[in-house]
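Heads up, the thing below is written out as structure tokens.
The values are calculated or read from the model by the stated rules, or taken from the named source; none is laboratory data. All of these numbers come straight from a predicted model, not from anything done at the bench. All Cβ positions, glycine included, derive from the backbone under ideal geometry; neighbour counts span all protein chains shown. For accessibility, only protein heavy atoms count, side chains too; no ligands or nucleic acids. Shrake-Rupley method; radii C 1.70, N 1.55, O 1.52, S 1.80 Å.
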Amino acid sequence: MLTTLLENTPVLYYVGIAGFLILTGCGLPVPEEVPIIGAGIAAASGKIDPWGGLAACLIGALIGDCIMYAIGYHFGHNLLRDRPWFTRYLKPEREARIERMITMHGWK
């Protein structure tokens, strides 16, 4: 039944590719290249449209990276201050110095 569903609706391929890339971007211990190669193989065999596969890869990677960035942006400072094993390595003075250097020099 699942095989018939996948053959009749290639949209599930795109959703699966994007969903897998979102999970890898959020920390699933699989390289992000695996679903990209899978999308390339599916496109080469004619199961999906190459442009649709590219769009699914881009959307999945961007959403996964944005989710991780948002988690770090909203919870990063509190995580560093609340966990004693982080404070051993990144003291408040060192964190302030890093932020001051980024403000002065940007991301060059």
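Residue by residue through the stretch 22-34, what is 3J(HN,Hα) from phi via Karplus (6.51 cos²θ - 1.76 cosθ + 1.60, θ = phi - 60°)? Round to whole Hz and write x for glycine and proline.
4, 5, 5, x, 8, x, 4, x, 10, x, 5, 6, 4
Which order do Ile59, Ile67, Ile22 take by accessible area at a 1.4 Å probe, largest first?
The ordering from most to least exposed comes out as Ile59, Ile67, Ile22.
If ligands, DNA and RNA are left out, what is the accessible area of Glu32 with a 1.4 Å probe, given in Å² to the nearest 10?
60
With point charges of +1 on the Cβ of Lys and Arg and -1 on the Cβ of Asp and Glu, referenced to the Cα centre of the stretch 17-108, which listed residue (Ala43, Cys26, Cys57) lies farthest in the positive direction of the dipole?
Cys26
Measure off 7 Å from each Cα along the Cα-to-Cβ vector at Tyr89 and Val11, then give the distance between these two points in nanometres to one decimal.
The modelled label-to-label distance comes out at 4.4 nm.
When the chain is fully extended, how far beyond the present Cα-Cα distance does Ala55 get from Tyr69, taking 0.36 nm per residue of separation?
3.0 nm
Tally Lys/Arg at +1 and Asp/Glu at -1 over every other residue whose Cβ is under 13 Å from the Cβ of Ile17; what's the total?
-2
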